[in-house]
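Please treat every number below as a calculation from the coordinates, not as lab data. Bear in mind the structure is a predicted one, so any value in this text is a computation, not a measurement. Using ideal geometry, Cβ is built from the backbone for each residue, glycine included, and neighbour counts are taken over all protein chains shown.
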Amino acid sequence: MKILKIVFLLALLAAVIIFPQVYTDETATTIAVFTLLFAAAVTGWNIFSGYTGYIALGHAVYYGVGAYAMALMAQDWHVPGGYVTFLLVPLAGLVAAIFAVPFGWIALRTRRHTFIVITIATFFIMQLMAYNLRNITNGSAGLSLPLTPPDWSGAFFNLPFYYVALAVLLLALATSWWIRNSKFGLGLLAIRDDEDRALGLGVKTGPFKLIAFVISAFFVGMVGGLHAYFNGSIYPPFAFDAFFDVSIALMGFLGGMGTLAGPIIGASLLEPTQQYFTLYLSDGGLYLIAYGVLFLAVILLLPQGIVPTVRQLWLKWRASRKQDEAEPALVAVGVGSGESRSLPENQERKEGVNS
Amino acid sequence: MVQLIFEAVITGILTGGVYALMASGLTLIFGVMEIINIGHGALVILGAYLSFILQEKFHIDLFLGLLITMPLMFLLGLFIEWAFIRPLKRDRTMLSILVTFAIALIIEGTLGLQNTFGTDYVKLHAWYVDSSNASFQIGGFYLAYIYVFAFLLSAVLLAGLYFLLYRTEFGYSLRASMQNRTAAQLIGIDVERISALTFAIGVALAAAGGMAFGATTSFNPDSHYDLISRLLVIIILGGMGSLRGALIASVVMLVIEDVTAVVWSPVWATTVFFFLLIVILLVRPQGLFGQLEGRKQ
Amino acid sequence: MSLLEVQNVSKAFGGIHALEACSITVEQGTITGLIGPNGSGKTTLFNVVTGYERVDTGEVRFNGRTITNSSPDKVFRLGLGRTFQLTRIFPRLTVLENMHVAAQRQGVRSLLRRWSSSHEHRRALELLEFVGIARLKDMPAANLSYGQKKLLEFAFVLIADPQVILLDEPAGGINPTMIQHLAGRIKELNRRGVTFLVVEHNMEFVMNLCDRVMVMHRGTKIAEGAPEEVRKNPAVLEAYLGD
């Protein structure tokens, strides 16, 4: 079973790697690049919001910080266009991560609803700062990124970006997987289920949450930097884009929060759809309506997200096969797994809960 | 300079009243339903556009037009709650954010279609808005009629809201639901009906706020982002769910913003708005009048 | 020096005086019962001791060390575990994962390691065996029956090897066989040196299990002694019946 899974994943990886070599159509590869970027961003977002259950809706901040960091570094250090520029991407992520420390610390002092709103407020602050700190950000005129070398023209242009985006995605996935299987990740999931209970069991909830927050900002920042370079220029509404912000939440949610495959599935389904809308719905208003309706449909029809729903169906199917197995001795004590169906449970209900 | 500051304070108070009207709906909805209506800004803008149509096409006065827009939006609120929010069972808070954002997008998109209003900025017009003499003259400075009227409108509606909340049985049920939803249900309060009505009232208030907003500021479908961000800051500052907090926070924020615009620069005025939030939250995470979300035992 | 000392603790919630100058002591190695009518402040006392509530006045000492108003994670790390009246476990995690949340060794390196391959894994399985739900180790905790959840909560509090365990109504809502099973586990652990403070309404459970019993009423202790003595104490009877 496990070998099958590994083989499947390797085959998938191979397909993704070969994809742009086979499908050279520029539109297709552009959509693919965006999908990879979003998948990486959502995976990063999921490391915090999916695992801890704290919905961060201002993560576009770190995306924007990464974008501006990228532009400014390239500008100040006179980095030319080309492959070298990609080396700045992790640095952009690092800058975003550093920003996340104070912002995260302040935001995490609050809980649930206030937290969500603080993250949104942070987003708007940064957008304003991008407009107002003209000395640094060049205000609404924006900044431009190094031009790619002339031989990166036509269909080739997308390829380097594709592979770098893929690398970022794989790194994010690896990190997410590692966290999920570590004690740290277990602590995060416990926080999601019952934060105070986790605290009472010795989990250092404050530092855990902040670390997850910073790690997720790192990845989102990298995506911001990479996207900036891909786009060639940035300006405040591009870098601090409310739409992007909510899109990653929607993708994470569609795919399934707190899962590994969820973010990728969510991005793979929604990003091409989004691009399709952009291309074929030229009337701006129509695009928004279509996207809004899509949002509503996803939320109302698939409240749990794809991966958990599939998993549940799978478990149900397996459970119905196992029902035939016998459960002798422990049932009498009421401790075996048969308890939910045998006598002791009925007795429990009769006694009720003393208060 | 002192004169300017004084003017700024007055304008701040008056505009604060308008924002209080908009924020009150938002905080009320949160208090009763525990959902954050990210679409509130869009609903305000919708209200503004409705007033716009009534005034441009049918030449109905802005204030009189409220007699049409408010009930209309009330019904819309009932529909939205029933269709999109009530079905949410698990994870209501997060899902409601996404849902209300989707609704905001749909509203923005519908208003922005080339066949409706497009993306041009518009403003509401009336005799008391437009003419250059449309202001009270007090001391050495001018107080635009519309600001005063808008403030009065807010005051009247908010007074009405208070009356509703504190002197009627409905209000009693509503406040009970806010304090403890389960307990309220146990004493026979139909919490679902209260939620629906609260949401509808919130939206109706947004309609009124929209008119006041649209008469004092030019707007287009995109304006809801800016608006909702400010409203959110206001309700967090005031304490989410606290009506009193929303009122005070609105006025305080707007006064500070207007004064900063005069004393420092208009550019930084808006940023100050948000920074203030962070500062206050460092000291008091629950806002001015909110409840500290304590440890669950 | 008693293992756990609560001295003159008062705690009010608005107009409700949950605890009024309450003082109790728990000796090392005992199983002490804490009984009292509803509203006498037993759960508040637990909350105050374990750091879930702050005291208004008074002190809490554990092993001679003042722990008043410490945060829950610190209290737990010092060796005080507790269960909750309405069992609190982590529903979306499996039984085994639940166990590992509480497992100690918080150094950075251990945090990054795969939780399922540490030596704590063995201990977690041992404890699950001990309470009797090892077969369910991979089941999502949400799917457990109420009694199984209680056992799980009991087990993961144990994983940190606490010196004292505060049990809040461990016998509530489960069948007699299960109660016996639980009592047996408590006695066994006590034999191995763990001290217990048990809040319970089930008198039979308390009388059979506890060495000493304390009675609370209206936020303070009104009686204590051997189970038989306390049973006959007129003040205790009045507290339960007079109200």
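Based on C-alpha pairs under 8 angstrom that are at least 6 apart in sequence, the range B:2-283 has a relative contact order of 41 percent.
I'd like the antiparallel share, as a percent to the nearest 5, of DSSP beta bridges with both residues in chain C.
55
From least to most packed, judged by other beta carbons within 10 angstrom and beginning with the fewest, A:Y68, A:Y287, B:Y142 follow the order B:Y142, A:Y287, A:Y68. Computed from the C-beta positions of B:Y162 and B:L75 and an R0 of 25 Å, the FRET efficiency is 0.60 to the nearest 0.05.
Straight-line reach from C:K42: which lysines fall under 28 Å, measuring Cα to Cα and dropping same-chain residues less than 8 apart? Within the straight-line limit of under 28 Å, C:K42 reaches these lysines: A:K204, A:K350, B:K296, C:K11, C:K74, C:K149, C:K150, C:K187, C:K221, C:K232. Taking the number of Cβ atoms within 10 Å of each Cβ as an exposure proxy, the fewest-first ranking of B:W82, A:W77 is A:W77, B:W82. For the segment A:200-213, counting C-beta atoms of other chains within 10 Å of every residue's C-beta and taking the mean gives 5.
Where in the range A:24-63 is the amide nitrogen less than 16 Å from a point lying 7 Å along the Cα-to-Cβ axis of A:L302? Only A:39, A:42-43 fall inside the zone, counting backbone N under 16 Å.
Listing B:D190, B:D91 from fewest to most neighbouring C-beta atoms within 10 Å gives B:D190, B:D91. Taking amide H as placed 1.01 Å from N in the peptide plane, A:S182 has its amide H under 5 Å from the amide H of C:W115, each at least 5 places away in sequence or on another chain. Amide hydrogen proximity for B:A144: with H placed 1.01 Å from N in the peptide plane, the residues at 5 or more positions away or on another chain lying under 5 Å are B:F136.
In this calculation the C-beta distance from C:E59 to B:E192 is compared with R0 = 41 Å, giving a FRET efficiency of 0.30.
The modelled label-to-label distance between B:W82 and C:A21, using points 7 Å beyond Cα along the C-beta direction, is 6.1 nm. In this entry, chain C is assigned a mean projected area of 13.6 nm², taken as a quarter of its C-alpha convex hull surface. Check cross-link reach from B:K123 to the lysines: straight Cα distance under 21 Å, and skip same-chain residues fewer than eight apart. Straight-line reach from B:K123, under 21 Å: B:K57. Sorted largest first, the spans of the alpha carbon positions of the range B:88-219 along the three principal axes are 58, 41, 20 Å. Against the main long axis of the alpha-carbon atoms of chain A, helix A:26-45 sits at an angle near 50°. Of B:S177, B:S154, B:S265, the residue with the greatest mean-square motion in the GNM of chain B, using alpha carbon springs below 10 Å, is B:S265. Hey, what angle do you get for helix B:92-112 against the long axis of chain B, alpha-carbon based, 0 to 90 degrees rounded to 10? It is inclined by approximately 40 degrees. Put simply, the range A:114-263 fits an ellipsoid with semi-axes of 33, 22, 12 Å; these come from the alpha carbon gyration tensor as the roots of five times its eigenvalues, largest first. Once the convex hull of all Cα atoms in the protein assembly as shown is built, its volume per residue stands at 193 Å³.
Under a point spin-label approximation (7 Å from Cα along Cα-to-Cβ), what is the A:I3-A:A141 distance to one decimal in nm? Label-label distance for A:I3 and A:A141, simple model: 6.4 nm.
A cut-off of 5 Å between modelled amide H atoms, ignoring neighbours fewer than 5 places along the same chain, links A:S233 with A:L145. Alpha-carbon geometry of the range A:2-107: the Rg and the Dmax are 17.4, 50 Å, given in that order. Result for chain C in a Gaussian network model with C-alpha springs under 10 Å: among C:E27, C:E120, C:E229, the largest mean-square fluctuation is at C:E229. Panel values: the range C:194-235, Kirkwood radius from alpha carbon pairs, Stokes-Einstein at 4 °C and 1.567 mPa s, translational diffusion coefficient 120 µm²/s. Ellipsoid fit via the Cα gyration tensor, chain B: semi-axes of 30, 24, 18 Å, each the root of five times an eigenvalue, largest first. Taking only the C-alpha atoms of chain A, Rg followed by Dmax gives 23.2, 79 Å. Once the mean of 1/r is taken over each pair of separate Cα atoms and inverted, the range B:1-115 shows a Kirkwood hydrodynamic radius of 16.1 Å. Count the net charge of all other residues whose Cβ sits under 11 Å from the Cβ of B:S173, scoring Lys and Arg as +1 and Asp and Glu as -1. Net charge in that neighbourhood comes out at 0. Rounded, prolate or oblate for the range B:159-297? Axes are the square roots of the Cα gyration tensor eigenvalues, ordered a ≥ b ≥ c, and the cut-off for rounded is a/c under 1.5. Judged from the Cα gyration tensor, the range B:159-297 comes out oblate (a/c at least 1.5, b/c at or above a/b). Computed from backbone phi, the HN-Hα couplings of the range A:147-161 come to 6, 6, x, x, 7, 8, 10, x, 5, 5, 3, 5, 4, x, 5 Hz, rounded to whole numbers (Karplus: 6.51 cos²θ - 1.76 cosθ + 1.60, θ = phi - 60°; Gly and Pro given as x). Highest GNM mean-square fluctuation among C:H217, C:H17, C:H100, for chain C modelled with Cα contacts below 10 Å: C:H17. Taking 0.36 nm per residue of sequence separation and removing the Cα-Cα distance, the B:L282/B:V122 pair yields an extension gain of 53.7 nm. Does the range B:27-72 come out rounded, prolate or oblate, given a ≥ b ≥ c as the square roots of the eigenvalues of its C-alpha gyration tensor, rounded meaning a/c under 1.5 and, failing that, prolate meaning a/b above b/c? Here the range B:27-72 falls in the prolate category. Can you give the angle from 0 to 90° between the axis of helix A:261-280 and the longest principal axis of chain A, with both taken from C-alpha atoms, to the nearest 10? It works out to around 40 degrees.
Between B:M1 and C:T66, the simple label model (points 7 Å from Cα in the Cβ direction) yields a spacing of 5.1 nm.
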